[in-house]
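Take a look at the structure set out below.
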Amino acid sequence: MFIRDDIVYVGVNDHEIDLFEGIYDVPEGMAYNSYIIKDEKIAVMDSVDQNFGEQWLANIKKELGDAKPDYLIVQHMEPDHSANIGAFVDAYPDAKIVGNAKTFTMIKRFFGTDYADKQVVVKEGEILSLGTHELKFVFAPMVHWPEVMMTYDMTAKVFFTADAFGKFGALDIDAEWACEARRYYFGIVGKYGMQVQALLKKASALDIETICPLHGPVLSEDLGYYLDLYNTWSSYGVESEGLFIAYTSVYGNTKKAALLLKEKLEAKGCPKVAIADLAREDMAESVEDAFRYGKLVLATTTYNADIFPFMREFINDLTERGYQNRTIGIIENGTWAPMAAKVIKSKFEKSKNITFTDTTVTVNSALDAAAEAQIEALAEELLK
Ligand code: FEO
């Protein structure tokens with residue numbers, strides 16, 4: 001795949017993976033992107049996951065023939081991109097490795113050597129010339145590890161953005177960008193909104209025509225769309241009108257309450273009511289929906305004087321990612337001592353700008369007229 005006649009894709013698709021980063025379901029696989037910039041000097045941008053070293057080196061060989069890369073630029077040391085640095089060094093012993101000081105500390109930790117004789121250590125803003133292509137390094141710490149640096153090709157106006165603007169899914173599957181890019185963003189980088197904002201500020205000073213991330217498709221049209229979404233996500237803004245109901249239910253009574261709320265909200269004209277059973281649906285999908293909408297309803301059971309484990313995990317996933325600027329309504333259920341609402345509120349104590357609705361619904365075992373009236377009131381309040 002050519003990005004331009006002198007920048008070519010040499011990444012791989014992974015359809016064997018079960019869980020990305022050991023946690024995320026990726027039913028459509030994953031892509032580990034890598035690129036070659038061909039110039040007087042040849043640069044390879046990042047390696048790929050450990051299982052694809054041979055394929056990646058074959059892709060490089062196919063593009064270069066007998067020519068040899070001069071540089072391997074290491075933008076990110078997470079093993080989905082760095083695992084084959086050693087294989088690259090074996091294949092191309094004369095090539096230099098380009099990274100920053102933190103990159104080489106991590107290379108030493110992963111590989112037992114920091115390749116001292118091959119190092120090109122760069123600093124923020126430094127420029128590496130390949131001949132015609134001038135590469136400027138843009139540091140992006142915590143997007144999504146501390147050593148991350150991105151590379152702006154000043155000649156081609158191509159921005160190599162490491163994990164940023166990536167998505168789940170292999171490249172041989174046609175899929176809308178936003179859905180899996182949002183799940184990827186909030187799962188992996190959601191906590192680092194401030195650092196992504198800093199990156200966007202740096203990016204705004206660059207004239208970018210193409211974005212080449214390390215996962216997902218190369219982006220070359222309507223870049224404002226992607227940049228705007230990243231701005232909304234990283235500033236914890238509301239992306240879509242509507243509301244998300246996340247529930248857990250042991251015997252179906254809390255589920256009935258959640259579904260009744262959804263029905264009432266829709267009858268009253270709520271533009272979108274997303275709903276998920278946290279025990280049975282993908283947790284990362286629920287996390288992205290919680291960040292997508294401005295309002296969230298949590299419906300759960302009191303359990304061991306706490307809340308149901310899947311709800312506890314979900315709230316933890318939100319708070320550790322800096323969940324903020326949202327309105328939350330609660331439906332609690334309990335047969336003898338309902339206390340889920342109190343527990344939920346305590347879990348958001350350190351979160352910024354969270355408003356709880358005045359109405360809390362308490363279900364005592366099963367829906368009754370009193371609980372239904374509270375659900376009606378909650379629906380009204382959420383739509384105000
Ligand atoms: Fe795709 Fe943070 O590694």
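The criterion of being among the polar types (S, T, N, Q) and within 21 Å of residue 238 (Cβ to Cβ) does not hold for residue 364. Candidates 99, 187: the one that is out of contact with any Phe, Trp or Tyr (no Cβ under 9 Å at 6 or more places or on another chain), open to solvent by less than 30 Å² (accessible area, probe 1.4 Å) and touching a residue at least 12 places away in the same chain (Cβ under 8 Å) is 99. For region 26-80, the candidate set comprises residues that are away from the ligand (no atom under 16 Å from the Cβ) and part of a strand (DSSP E or B); within that set, the residue that is most open to solvent (accessible area, probe 1.4 Å) is 71.
Yes/no matrix, rows are residues, columns are (1) among the acidic types (Asp, Glu); (2) surrounded by fewer than 16 Cβ atoms within 10 Å (Cβ to Cβ):
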residue: 93; (1), (2): no, yes
residue: 107; (1), (2): no, no
residue: 117; (1), (2): yes, yes
residue: 129; (1), (2): no, yes
residue: 133; (1), (2): no, no
residue: 152; (1), (2): no, no
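Restricting attention to region 256-309, the residues that are polar (S, T, N, Q), closer than 22 Å to residue 321 by Cα and at pLDDT below 95 total 0. If you go through region 46-53 one residue at a time, do you hit one that is touching a Phe, Trp or Tyr at 6+ places or on another chain (Cβ under 8 Å) and over 26 Å from residue 185 (Cβ atoms)? There is no residue in region 46-53 that is touching a Phe, Trp or Tyr at 6+ places or on another chain (Cβ under 8 Å) and over 26 Å from residue 185 (Cβ atoms). Looking at region 195-212, which of the residues that are assigned to a loop (DSSP other than H, G, I, E, B) and in contact with a helix residue (DSSP H, G or I) (Cβ under 9 Å, 6 or more places away or on another chain) is farthest from the ligand (Cβ to nearest atom)? Checked region 195-212; the qualifying residue farthest from the ligand (Cβ to nearest atom) is 209.
On the given criteria, is residue 9 modelled with pLDDT of 95 or more, open to solvent by 10 Å² or more (accessible area, probe 1.4 Å), in the same structural domain as residue 157 (by TED's automatic domain parsing) and touching a Cys at 6+ places or on another chain (Cβ under 9 Å)? The answer is yes for residue 9. Mind checking whether some residue in region 87-99 is over 18 Å from residue 42 (Cβ atoms), of a type outside the set (Ser, Thr, Tyr) and out of contact with any Ser or Thr (no Cβ under 8 Å at 6 or more places or on another chain)? No; the residues of region 87-99 include none that is over 18 Å from residue 42 (Cβ atoms), of a type outside the set (Ser, Thr, Tyr) and out of contact with any Ser or Thr (no Cβ under 8 Å at 6 or more places or on another chain). Considering 281, 332, the condition of being part of a strand (DSSP E or B), among the acidic types (Asp, Glu) and open to solvent by 10 Å² or more (accessible area, probe 1.4 Å) is satisfied by 332 alone.
Scanning region 213-226 for residues that are open to solvent by less than 10 Å² (accessible area, probe 1.4 Å) and in a loop (DSSP other than H, G, I, E, B) returns 213, 214, 215, 216. Counting residues in region 353-360 that are outside any strand (DSSP E or B), in the same structural domain as residue 284 (by TED's automatic domain parsing) and modelled with pLDDT of 95 or more gives one or more. Within the set 255, 295, the sole residue that is in a helix (DSSP H, G or I) and either more than 26 Å from the chain's Cα centre (by Cα) or over 30 Å from residue 134 (Cβ atoms) (or both) turns out to be 255. Scanning region 235-265 for residues that are acidic (Asp, Glu) and closer than 24 Å to residue 354 by Cα returns 239, 241. When 229, 243 are checked against the criterion of being open to solvent by less than 40 Å² (accessible area, probe 1.4 Å) and touching a strand residue (DSSP E or B) at 6+ places or on another chain (Cβ under 7 Å), 243 stands alone in meeting it.
The values are calculated or read from the model by the stated rules, or taken from the named source; none is laboratory data. The structure presented is a predicted model; accordingly, all values stated were derived computationally and were not measured. Positions of Cβ are backbone-derived with ideal geometry, glycine not excepted, and every protein chain shown enters the neighbour counts. Remember, those area values only see protein heavy atoms, side chains included, never the ligands or the DNA or RNA. Shrake-Rupley method; radii C 1.70, N 1.55, O 1.52, S 1.80 Å.
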